[in-house]
Amino acid sequence: MLKLDEIQKRLLKEVADLHKVPEGAYNIRSNGKSAARESTENIEIVPREDGQGLTVKIKAGTRNESVHIPVVMTESGLKETVYNDFYVGEGSDVVIVAGCGIDNCGAQDSEHDGIHRFYVGKGAKVRYVEKHYGSGEGRGKRILNPETEVYLEEGSTMEMEMVQIKGVDDTERSTKAELKEGSKLVVRERLMTHGEQRAISTYDVELNGDGSSADVVSRSVARDVSYQKFDAKLIGNAACSGHTECDSIIMDKGRILAVPGLEANNVDAALVHEAAIGKIAGDQIIKLMTLGLAEAEAEEQIINGFLK
Amino acid sequence: MLELKNVSFLVSDTENDKEIIRDVSFEVPDGELIAITGPNGGGKSTLARLIAGIEKPTEGRILYDGEDITSMSITDRAKKGIGFAFQQPVRFKGIQVFDLIRLASGKNISMADACNYLSEVGLCARDYIDREVNSSLSGGELKRIEIATLLAKKSRLSVFDEPEAGIDLWSFKNLINVFQSMRENIKDSSILIISHQERILEIADEIIVLKDGQLSTKGRRDEVLPHILGTASAVPECKKVGVRGGDAKC
Ligand SMILES: Nc1ncnc2c1ncn2[C@@H]1O[C@H](COP(=O)(O)OP(=O)(O)O)[C@@H](O)[C@H]1O
Ligand SMILES: [Mg+2]
């Protein structure tokens with residue numbers, strides 16, 4: 001497909017499950033340039049004039065269509081900031097798959113900062129999937145700093161699945177959302193850090209409309225000497241409901257900081273925060289060992305299940 | 001198959017030592033079903049944990065097919081053919097019932113085979129196979145899944161710690177059928193069941209009564225059972241748990 005080498009193809013597979021050109025609208029960005037782009041009748045992808053990003057316009061009422069906008073980087077030392085804006089028309093129902101894979105074999109840091117803004121129209125429904133993946137033996141770091149803004153109009157829904165399991169050295173993720181009446185935000189974040197990695201994830205969710213709801217759940221594993229910070233703030237300005245949860249396993253010398261933040265400015269705002277951090281329960285390992293697994297295999301199974 | 005020779009287990013907390021198992025010796029012959037009963041706190045679960053390798057004896061030896069396994073790891077004992085269903089099964093976030101059954105079987109079993117094990121323990125496979133083994137399952141459901149994983153493991157020696165506890169919707173008859181068919185299907189396999197239930201003691205070849213960490217009685221079922229009937233060691237089913245009969249309802 002396209003003019004991608006084997007490493008780029010492998011990255012695409014990791015971040016977007018793509019083996020070939022995707023169906024529907026897509027833009028594949030490779031080493032700072034668009035390598036392939038396709039719009040459809042209902043979904044128009046327009047490059048920004050400076051080349052640093054896209055405007056994606058989804059017509060009202062578009063249903064069961066998808067947009068893929070994966071990014072792959074294989075040049076060591078590349079640093080880019082990309083602005084992508086999504087206008088999701090009223091009443092549409094779409095899947096948007098983003099994701100970034102960096103392979104860095106060199107000594108210099110590679111960095112991709114994706115700034116995504118979603119304007120989700122009345123009654124529209126978006127499922128957004130974003131995977132991060134890093135590989136390569138180079139000393140240079142693989143750095144990803146996604147900034148996401150979500151504006152939900154009345155009765156709209158956004159489900160976000162964000163996954164970073166391997167190979168990203170440094171991430172600062174910031175997600176901001178503003179919710180109008182009856183809109184709904186669901187976030188499922190799965191994170192594993194190892195080595196000396198560092199991952200910071202900050203959420204600022206404003207529930208401004210009556211009947212709006214947010215459910216932000218992070219499951220994470222910190223191994224070796226890695227560090228994670230989960231900072232989730234919900235602000236209830238209306239009759240709304242919000243729930244955040246941080247459920248984490250620490251191993252080795254990993255460190256995790258969970259910062260709960262709930263602010264209720266309306267008597268009918270119901271906000272809940274849950275956080276649990278701890279090592280793998282000893283009886284879980286013992287149980288799997290009695291089934292014939294070695295201790296390390298048991299840990300692996302427990303973590304795989306936890307992050308599934 | 002299994003032989004315990006003068007096994008003791010001593011724990012020391014801050015000041016005093018406590019002997020939880022005291023000089024226990026017995027044998028589980030090939031193909032036999034042995035029941036262990038006795039008062040709560042008598043050391044039954046500790047004994048099972050010693051056999052599975054979760055605890056190591058402070059004195060004495062454990063032999064499996066003549067080989068000294070006293071210091072062998074849990075994993076190696078499991079691989080050699082020792083299976084253990086916990087009194088309190090463990091919950092896992094994210095791991096599904098199918099995963100657990102697959103891991104227990106030690107191979108890539110099919111969904112259909114895994115479902116058969118669930119049906120055997122009276123669970124509607126369709127409803128359970130994808131469930132997470134987490135706190136959404138009741139104690140009784142968890143207990144049956146624990147038994148199903150042991151069926152999938154096909155151990156030569158299977159140890160069940162109070163398998164009947166919390167099993168409410170499922171008749172004892174089915175539970176007993178599970179043990180019977182296990183005996184028939186796995187050649188020369190032996191079963192060790194910790195239980196207070198008369199109905200389970202009735203199918204044992206041999207009964208052992210463990211009290212204060214010591215063997216207080218041991219012998220063939222017909223010799224031992226008359227002496228313990230009516231005591232807390234052998235309770236008719238209806239007195240201990242509310243049991244409702246019936247097979248898996250789908
Ligand atoms: N590791 C341990 N440390 C201290 N006390 C223990 C330990 N394991 C078991 N015990 C104690 O040993 C006794 C026997 O426990 P257990 O084997 O669970 O008995 P049973 O299964 O017959 O009810 C109990 O009093 C229990 O509290
Ligand atoms: Mg017990």
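Of the residues A:Ser241, A:Ser218, which single one is within 28 Å of A:Phe118 (Cβ to Cβ) and within 14 Å of another protein chain (Cβ to nearest Cβ)?
When all the criteria are applied, what remains is A:Ser218.
Of the numbered conditions (1) open to solvent by 50 Å² or more (accessible area, probe 1.4 Å); (2) farther than 27 Å from A:Asn208 by Cα; (3) away from chain B (no Cβ under 13 Å), A:Gly254 fails exactly one; give the number of that condition.
It is condition (1) that A:Gly254 fails.
Give me the pairs, please: first residue somewhere in segment A:1-27 and open to solvent by 90 Å² or more (accessible area, probe 1.4 Å), second residue anywhere and outside any helix (DSSP H, G or I) and basic (Lys, Arg), beta-carbon distance under 9 Å, and either six or more positions apart or on two chains.
That search, which allows pairs on different chains as well, returns A:Asp17/A:Lys131.
Assuming A:Glu297 fulfils every condition listed in (1) within 14 Å of chain B (Cβ to nearest Cβ); (2) open to solvent by less than 60 Å² (accessible area, probe 1.4 Å) apart from one, which condition is it?
(2)
Do we find a residue being within 14 Å of chain A (Cβ to nearest Cβ), within 14 Å of ligand 1 (Cβ to nearest atom) and among the charged types (D, E, K, R) anywhere in segment B:19-36?
no
Return the residue satisfying two criteria in turn: it lies in segment B:41-81 and is acidic (Asp, Glu) and within 11 Å of chain A (Cβ to nearest Cβ), and of such residues it is least open to solvent (accessible area, probe 1.4 Å).
Ranking the candidates gives B:Glu55 first.
Which residues, taken from segment A:270-294, are touching a Phe, Trp or Tyr at 6+ places or on another chain (Cβ under 9 Å), facing chain B (nearest Cβ under 8 Å) and small (Gly, Ala, Ser)?
Selection gives A:Ala281 alone.
Among the listed residues B:Phe84, B:Phe172, B:Phe160, B:Phe92, which satisfies the condition of being away from every other protein chain (no Cβ under 12 Å) and either aliphatic (A, V, I, L, M) or surrounded by 19 or more Cβ atoms within 10 Å (Cβ to Cβ) (or both)?
Every option except B:Phe160 fails the conditions.
Condition test on A:Ile286, is it open to solvent by 30 Å² or more (accessible area, probe 1.4 Å), on the phi < 0 side of the Ramachandran plot, at pLDDT 95 or above and touching a strand residue (DSSP E or B) at 6+ places or on another chain (Cβ under 9 Å)?
no
Would you tally the residues in segment B:146-157 being within 18 Å of B:Phe98 (Cα to Cα) and crowded, with 22+ Cβ neighbours inside 10 Å?
8
Within segment B:158-216, restricting attention to residues that are among the polar types (S, T, N, Q), more than 16 Å from ligand 1 (Cβ to nearest atom) and farther than 14 Å from B:Leu47 by Cα, which residue is nearest to the chain's Cα centre (by Cα)?
Filtering first and then ranking leaves B:Ser190.
Return the pair list, or none, for Cβ contacts closer than 9 Å from residues in segment B:1-21 that are within 22 Å of B:Asp65 (Cβ to Cβ) and of a type in the set (S, T, N, Q) to residues that are away from ligand 2 (no atom under 16 Å from the Cβ) and part of a strand (DSSP E or B), at least 6 apart or on different chains.
Filtered contacts from segment B:1-21: B:Asn6/B:Asp23; B:Asn6/B:Ser25; B:Asn6/B:Glu59; B:Asn6/B:Gly60; B:Asn6/B:Arg61.
The values are calculated or read from the model by the stated rules, or taken from the named source; none is laboratory data. Everything quoted here is computed from the prediction, not taken from an experiment. Glycine gets a Cβ as well: all are built from the backbone with ideal geometry, and neighbour counts include every protein chain shown. Side chains are part of the model used for accessible areas, which takes the heavy atoms of the whole protein and leaves out ligands, DNA and RNA. Shrake-Rupley method; radii C 1.70, N 1.55, O 1.52, S 1.80 Å.
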